[in-house]
Amino acid sequence: MGAKAKYIWMDGEMLPSEEATVPFMAPALHYGLGVFEGIRCYETPSGPAVFRLEDHLKRFLDSIHVLGVLDFKYDLPTLRGAVHATILANDLSDCYVRPLMYMAEGPLGLNLDDQRPSVGIAAWEWGTYLGEAALEKGVKMAVSSFTRHHPNVSMTKAKITANYANSVLAKTLAKRSGFDEAVMLDPQGFVAECSGENLFLVRAGVIYTTPRATILEGITRDSVMTLATDLGYTVVEEPISRDQIYIADEVFVCGTAAEVTPVRELDFRTIGEGRRGPATQAIQQAFFDVVRGAGERSAEWLDPVKAEEPLKA
Ligand SMILES: Cc1ncc(COP(=O)(O)O)c(C=O)c1O
């Protein structure tokens, strides 16, 4: 995520990024009291367009609701306009967009009701997350010794910033151990998801993915399920064990950052042929077609970036 944003939308104002600062005493900084989204905008023949923007903003508002912030003042149309304005202000086309709600003011304590939320939106150029080569060759993963959140300890439906310490622990351990990404098991020992992606496997022509209870309900996951069904595949949601991954014909992970990336190895076991398989390739192609404006669902899922949206709440 190297590149820097030039302008950041903060509570209705477009600020140069140096001025978009958070006070040291903001409760968000001390207790992980924030909620974020990760969204991609793609260059298409008719200009930049944001992939499933309304679905991302709906999840953003749902995350804020799950965290328990009352009377949040921004609605979806306002946030949508602010995302468009941020992309335009930064003169971007292919980019990553990061809305963040954070508890900005209030006494340093543990009661949300004493605090006041702020919202910032940044956008910057960002290439492939797991590497360009990985899109074809696949990534190497290991099952993490860190367990994914128990849904009654730290809820998995919300992109709450504090939850991401769990992902950071798993991702850092995986990278230091020589892997590209970590597979995380749920508290019962079934596969949940990766540190920032959902997981799919293919066996005998059928596509499987994990049930929703202990995962973030990925928007890319939903898109993949729809595109795979459009392509004629049967998609089954059922509990998956780590050894079902070992013996799968194909495995891939997906997310806004990772897009659709094949997995070639888990825990030093080669998966299938050890490279991108035909189902993964077909789904990856359908995904890139749709985000680039050349898919049958492009009109449904792409939100062309335009000015003149409302800026303030
Ligand atoms: C833990 C986790 N799982 C899955 C995903 C994939 O979700 P999406 O496809 O909506 O980006 C993400 C990324 O947001 C994530 O952080």
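The values are calculated or read from the model by the stated rules, or taken from the named source; none is laboratory data. Keep in mind that what you see is a predicted model, and the values were worked out from it rather than measured. Neighbour counts are summed over all protein chains in view; Cβ atoms, including those assigned to glycine, are modelled from backbone coordinates with ideal geometry.
How about segment 202-313: which strands (runs of 3 or more DSSP E) wholly inside it have at least 2 residues that are within 30 Å of Pro151 (Cα to Cα)?
By residue number, 206-209, 235-237, 250-255, 259-266.
Tell me yes or no: at least one residue of segment 72-79 is in contact (Cβ under 8 Å) with a residue 60 or more places away in the chain and touching a helix residue (DSSP H, G or I) at 6+ places or on another chain (Cβ under 6 Å).
Here is the first cut: in segment 72-79, the residues in contact (Cβ under 8 Å) with a residue 60 or more places away in the chain are 73-75, 77-78.
Remaining after also requiring touching a helix residue (DSSP H, G or I) at 6+ places or on another chain (Cβ under 6 Å): none.
So far as segment 72-79 goes, no, none of its residues is in contact (Cβ under 8 Å) with a residue 60 or more places away in the chain and touching a helix residue (DSSP H, G or I) at 6+ places or on another chain (Cβ under 6 Å).
Could you grab me the full set of residues in segment 163-183 that are within 13 Å of the ligand (Cβ to nearest atom) and in a helix (DSSP H, G or I)? Even if it seems obvious, please write down each step before you answer.
The first filter runs over segment 163-183 and keeps only residues within 13 Å of the ligand (Cβ to nearest atom), leaving 163-171, 181-183.
Selection gives Asn163, Tyr164, Ala165, Asn166, Ser167, Val168, Leu169, Ala170, Lys171.
Among the residues in segment 193-201, are any more than 13 Å from the ligand (Cβ to nearest atom) and either closer than 21 Å to Arg275 by Cα or acidic (Asp, Glu) (or both)? Please lay out each step first, then the result.
Taking segment 193-201 first, the residues more than 13 Å from the ligand (Cβ to nearest atom) are 201.
Next, from what is left, pick out any that are either closer than 21 Å to Arg275 by Cα or acidic (Asp, Glu) (or both): 201.
Scanning segment 193-201 turns up at least one residue that is more than 13 Å from the ligand (Cβ to nearest atom) and either closer than 21 Å to Arg275 by Cα or acidic (Asp, Glu) (or both).
In segment 123-153, how many residues are β-branched (Val, Ile, Thr) and either in contact with a Cys (Cβ under 7 Å, 6 or more places away or on another chain) or part of a loop (DSSP other than H, G, I, E, B) (or both)?
Step one: list which residues in segment 123-153 are β-branched (Val, Ile, Thr), which gives 128, 139, 143, 147, 153.
Now restrict to residues that are either in contact with a Cys (Cβ under 7 Å, 6 or more places away or on another chain) or part of a loop (DSSP other than H, G, I, E, B) (or both): 128, 147, 153.
So the answer is 3.
For segment 1-44, give me each residue that is in a helix (DSSP H, G or I) and either more than 24 Å from the chain's Cα centre (by Cα) or closer than 21 Å to Ala165 by Cβ (or both). Steps first, answer last, please.
First pass over segment 1-44, keeping only residues in a helix (DSSP H, G or I): 17-19, 27-31.
Glu18, Glu19, Pro27, Ala28, Leu29, His30, Tyr31 - these are the residues of segment 1-44 that are in a helix (DSSP H, G or I) and either more than 24 Å from the chain's Cα centre (by Cα) or closer than 21 Å to Ala165 by Cβ (or both).
Taking His150 as meeting all but one of (1) farther than 30 Å from Gly274 by Cβ; (2) surrounded by fewer than 17 Cβ atoms within 10 Å (Cβ to Cβ); (3) within 16 Å of the ligand (Cβ to nearest atom); (4) at pLDDT 95 or above, write down the number of the exception.
For His150, the exception is condition (4).
Among (1) assigned to a helix (DSSP H, G or I); (2) within 16 Å of the ligand (Cβ to nearest atom), where does Asp113 come up short?
Of the numbered conditions (1) assigned to a helix (DSSP H, G or I); (2) within 16 Å of the ligand (Cβ to nearest atom), the odd one out for Asp113 is (2).
Conditions: (1) part of a loop (DSSP other than H, G, I, E, B); (2) touching a Ser or Thr at 6+ places or on another chain (Cβ under 6 Å). Val69 meets all but one. Number of the miss?
(2)
Among the residues of segment 52-102, which ones are over 23 Å from Asp222 (Cα atoms), of a type in the set (S, T, N, Q) and buried (at least 19 other Cβ atoms within 10 Å of the Cβ)?
Thr86, Asn90
Restricted to segment 215-239, and to residues that are more than 8 Å from the ligand (Cβ to nearest atom) and crowded, with 23+ Cβ neighbours inside 10 Å, which residue is farthest from Glu300 (Cα to Cα)?
For segment 215-239, the residue satisfying everything is Val224.
Identify, by number, the condition in (1) of a type in the set (Ser, Thr, Tyr); (2) within 19 Å of Gly38 (Cα to Cα); (3) in contact (Cβ under 8 Å) with a residue 40 or more places away in the chain; (4) touching a strand residue (DSSP E or B) at 6+ places or on another chain (Cβ under 9 Å) that Thr147 doesn't meet.
Only one criterion in (1) of a type in the set (Ser, Thr, Tyr); (2) within 19 Å of Gly38 (Cα to Cα); (3) in contact (Cβ under 8 Å) with a residue 40 or more places away in the chain; (4) touching a strand residue (DSSP E or B) at 6+ places or on another chain (Cβ under 9 Å) is unmet by Thr147, namely (2).
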